[in-house]
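Taking it in order: structure first as structure tokens, then the write-up.
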Amino acid sequence: MRIDVVTIFPDYLKVLDLSLIGRAADRGRLDLHVHDLRDHAHDRHRTVDDTPLGGGAGMVMKPDVWGEALDDVLAVDAPTGGRRVLIIPTPSGEVFTQRTAEDLAGADSLVFACGRYEGIDARVPDHYASRGVEVRELSIGDYVLNGGEVAAVVMIEAIARLLPGVLGNPESLLEESHSAAGLLEYPVHTRPTRWRDLEIDPVLLSGDHTRIARTRRDQAIARTVGRRPDMIARMDAADLDREDRAALATMGWAVPAGAPHPVPVRIRPATVHDAEALADLAARTFPDACGHVIDPEFIAQHIATNLVPGLFRTWVDDDRVDLVVAERLAPQSASQASSGTETAQTPIVPDLVGYAAVLREEPDAAGEPPTGIDPRPACVQARPGQVVGELSKVYVDSTMRGSGLAPALMSVVTQRAIDHGVSLLWLGTHITNKRAQKAYRRAGFRQVGTRTYNVGGQDAHDVVMIRRTGEGL
Ligand code: SAM
């Protein structure tokens, strides 16, 4: 690749003689030429700038001086007569990203025109574009430098390291931040394994490459969620496997069925303001669980009598009930979702897409159990002193199937129940609902028996599963 840089400070580009880029130039992989713009200024002071037409502060670089310089540089044939790009660094350009670097690494010749002062007369890029030159006005970020030289060095380094033979180990390019995976790189470590009381994750020393890869992927996801939620919002859903989705769901992002990208979702304790939306969600999701085996009129009956706003209000007020909801947020709330802060965009009617509840088996002052708790089946045997909770609900909207939200809800509600003393969890789920049973098994539940459960007047047959959650399971 041939690279030409036109500048009033040729010495600025001397850093390109160093390190890997310098070595690539020495080995002939890069053909670097730096030109002094002032060689094309013909007055006694070698003037390259003038006052802005129309007034205003600062000075503007003259089009006639730039025109002569660029005509000269562009007159030299590009190697193999291939693709040549004129790059004008400017803070008002399109943002230079890794994708831009990858694209430009495919060119045969790059010409950088480094501005100073208020920049180059705007007719210069227009002129060369109108003459068929590929012109790119590029910004290296949302801040303003004094000149284009540093920006040119940044772009040249990012582009050149992608060229064959420049990096010692080309595999370094595969897993980097901003590579095709669309994630920031995971945190990296080297010896010593313990440094100033800081240890590394022992998985890294396990030699188990599958686990190491999974751990690193989860760390990359967590880092990207925390630092660059905009990148998560742009991730291609097709690149996310089940474990990625589960990890994302615990971090405030879910991938709705068929959606191109993850969307921000917050899992939080329910409040009294959720009661109506919860009843709506419950009415939508309950038939999914047993609609194929229970008659519609029995389901309707069950929903009308049990899954009503009043029930959810009662649960919110009952400290024996852990009730959590998953709320879909507006996309602009993504950064707030990942930082866990409240958001001004919280809708009046929350957009609930999932909920989960654990009901603790404890009498209140009047000796009553929590409203809606099921009788504990005989196959669920508590040890002395164990506090029993029923995992009464885990439902997600059908649009969120496979999004990882159900395990995330389960994990949050279970942790809350454990924090409130529960050490044995049980649940019933319809005998034919293999998908749910598999999900519960993944969450650590195992089947201990069956029960008959009445849905709106019709008997349903459930498997009963338990999970011991206390110390020394
Ligand atoms: N008046 C210009 C504006 O507000 O857009 C800023 C000019 S700046 C002080 C001078 C030169 O620095 C620009 O012509 C450009 O070459 C370079 N420069 C400054 N910030 C840059 C950035 N973020 N990306 C690329 N080049 C930049």
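The values are calculated or read from the model by the stated rules, or taken from the named source; none is laboratory data. Model, not experiment: these values are computed from the prediction. Because the Cβ atoms are built from the backbone with ideal geometry, glycine has one as well, and the counts that use them run over all protein chains shown. Heads up: the accessible areas ignore ligands, DNA and RNA and are worked out on the full protein's heavy atoms, side chains in. Shrake-Rupley method; radii C 1.70, N 1.55, O 1.52, S 1.80 Å.
Here are the numbers for the structure shown:
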quantity	calculated
Scan of the range 180-230 for residues that are under 17 Å from A246 (Cβ atoms) and open to solvent by 100 Å² or more (accessible area, probe 1.4 Å), ordered by number	T210, R211
Within the range 110-138, considering residues that are within 11 Å of the ligand (Cβ to nearest atom) and on the phi > 0 side of the Ramachandran plot, the one surrounded by the fewest Cβ atoms within 10 Å (Cβ to Cβ)	Y117
Single match in G141, G93, G106 (criterion: within 34 Å of the chain's Cα centre (by Cα), away from the ligand (no atom under 12 Å from the Cβ), touching a residue at least 12 places away in the same chain (Cβ under 8 Å) and not in a helix (DSSP H, G or I))	G106
Test: residue in the range 63-75 that is in a loop (DSSP other than H, G, I, E, B) and not small (G, A, S)	no
Residue identified as at pLDDT 90 or above and open to solvent by 70 Å² or more (accessible area, probe 1.4 Å) among K438, K393	K438
Selection within the range 1-46 - surrounded by fewer than 15 Cβ atoms within 10 Å (Cβ to Cβ) and of a type in the set (S, T, Y)	S19
Some residue of the range 152-168 being in the same structural domain as L16 (by TED's automatic domain parsing) and over 21 Å from A24 (Cα atoms)	no
Any hit, the range 87-99, residues being over 18 Å from D142 (Cβ atoms), open to solvent by less than 60 Å² (accessible area, probe 1.4 Å) and assigned by TED's automatic domain parsing to the domain that holds E118	yes
